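Computed from the coordinates by the stated procedures, all read-outs in this text should not be read as laboratory data. Model, not experiment: these values are computed from the prediction. With ideal geometry, Cβ positions are generated from the backbone for all residues, glycine too; neighbour counts draw on all protein chains shown.
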Amino acid sequence: MKKLSLLFLLSCLGTAGQGQQVSVTKSFAWAAEEANYALTQTPDGGYLLGGNTTSFNSTYAQNAYLLKTDRNGDSLWIKHQYSATAMTDIQDILPLADGTILVAGAKSTPGNNWDAWLMKTDASGNMLWERTFGGAQLDYFSGLQAVPGGGFVMCGLTESMGAGGRDAYLVKTDAGGNLLWEKTYGGSFLDEVIKVKVTQNGDFIMAGGTYSFSSNPGVTDDLYLIRTDPQGNQRWHQTYGTANIDWANDLVETPTGEIVLTGLKNNSNLALTSGQTYLLKTDASGNLLWDKSFSLNAFRNEGQAILTTPDGGLLISGFTTNPMTGTDAFVVKTDADGTILWQHIFDNGAAQTFERAYGLLQDDQGKILISGMKNFSPTLQPDIFLLKLTDNAVLGIAGNQKTEKLALTPFPNPASGSLSVKVPYTKLLQAEILDLTGKVLLTRQFESTTELNFNVAALPPACYLLKVKTAEGVAVSKFLVSR
């Protein structure tokens, strides 16, 4: 029993501090350039990455690839060159219950523009069938979801049909990839959506950018949110943004039906020196609940992917850009209101190189993974990285891992009757004790003080969260109650 208690104590306290940083590289590089845009987990616990590579073609044409790893991130197989003559690209991956794999992206045959592309493979990545959609102009899939009751829905852009030069594009197929219907959305300028999600009531929500319905039509982009019924008929669309360029790269529906989006906010002329990571929340009808942004440096910051977490919070991955030193990948955890709880920034320690995170996953063990591209520069070709955050270590890109987190250290830990914590803040707003599901067990309001004290004698032995909201931000730490 003592051994079990010790193991529980270690598992509880392991995430309370910064943890040991372990430089273990999970990178994948072949002969030339690699790009990664998609990351997911397979039913066997491993991971799938997808994107494009120029390494396996003598003409350096772009080929789609699928890379399968085990749970430790070690490569099991890679499949590529799904066409001997066409260029292909994977933007999203959907593992199916029978072990087969569905991917969405684009395909371009010689002399033709890109077509939206859907492909199904067996569990080893061998093609079973493929379908293309669109017309004579540019068409692209960037989002993919399974539809309850069977079939799939893909979103992206089309220049072959619709009202303007480029429209948002939504396609539904049956389980065999055969077209059931296709819809376009937009106005007379350039509009597109990047990701689609199926809501709890079977509707589709999509997010991207619009020039047609922005505050300055045809000149600047606004974030574009569309909701349709299950047949793709638009229920409504909403736009959000500033006088500059804004767009969404991903969205998620919360368990209570709200919609949260991330992307780029307030960018000036696509410059590398401006813009924040956009984070905003709406109700189910697209009415704005809150609008936030954050910057991890003084230059461009952009959110690429977003997830909800079991405790009601949010995870966002993306990258920061500094025109003098390159870009760094990041992952950020916020509470349900979009307030940052912690952040990790990853770089390889070299100037003028780039790390960009596009994939984001919380796996079946609760571990957080990001994937993307690293080590590319004007003189270097990009590699693929897969990075996992564990309870007490950061596994991934070799080099510098910079962590910033508001300091909070409860004592004694473990506690039995009373719990205290010293705080360096002058104005305290609220302190909460929560269980690990996020349920609030105790709430107290504080005025100016440097030490908080709690009576935890009534709490059963377990691991808990202490959350302190201050004028400077939010701090969270774990503690153990033991008898």
**Burial ranking of peptide ranges 46-53, 238-245 (average Cβ count within 10 Å, highest at the top)** = 46-53, 238-245
**Fill in**
In order over segment 117-124: 3J(HN,Hα) from phi, Karplus 6.51/-1.76/1.60, θ = phi - 60°, whole Hz, x for each Gly or Pro, gives 10, 10, 9, 10, 10, 7, 5, 9
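Ranked from highest to lowest mean number of other Cβ atoms within 10 Å per residue, what is the order of the peptides 89-97, 150-158? Mind dumping the intermediate values first?
On the way: 89-97: 20.7, 150-158: 24.2.
Going from most to least packed, we get 150-158, 89-97.
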**Request:** Could you pull out every residue, at least 5 positions away or on a different chain, whose amide H is within less than 5 Å of the one on Q81? Hs are placed 1.01 Å off N in the peptide plane, and Pro or chain starts have none.
**Result:** A64
**Item:** Note, ³J(HN,Hα) from phi for segment 215-232, Karplus 6.51, -1.76, 1.60, rounded to Hz, x at Gly and Pro
**Value:** 5, 9, x, x, 10, 10, 9, 10, 4, 10, 10, 10, 10, 10, 7, x, 9, x
**Asked** For the charge dipole of segment 22-389, defined by +1 on Lys and Arg C-beta atoms and -1 on Asp and Glu C-beta atoms about the Cα centroid, which residue among T256, S27, S188 has the Cα displaced farthest towards the positive pole?
**Response** S27
**Asked** Amide H to amide H, which residues 5 or more places from K195 or on other chains are under 5 Å from it, using H placed in the peptide plane?
**Response** A207
**Prompt:** With a ≥ b ≥ c the root eigenvalues of the C-alpha gyration tensor of segment 22-389, is it rounded (a/c under 1.5), prolate (a/b larger than b/c) or oblate?
**Reply:** rounded
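Which of rounded, prolate, oblate describes segment 94-242, given a ≥ b ≥ c as roots of the alpha-carbon gyration tensor eigenvalues and a/c under 1.5 marking rounded, otherwise prolate only if a/b is larger than b/c? Please report the intermediate quantities before stating the final value.
Values: a/c = 2.27, a/b = 1.44, b/c = 1.57.
It comes out oblate by the Cα gyration axes.
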**Asked** If amide H atoms are built 1.01 Å from N in the plane of the peptide, which residues on other chains or at least 5 residues away come under 5 Å of the amide H of D250?
**Response** T262
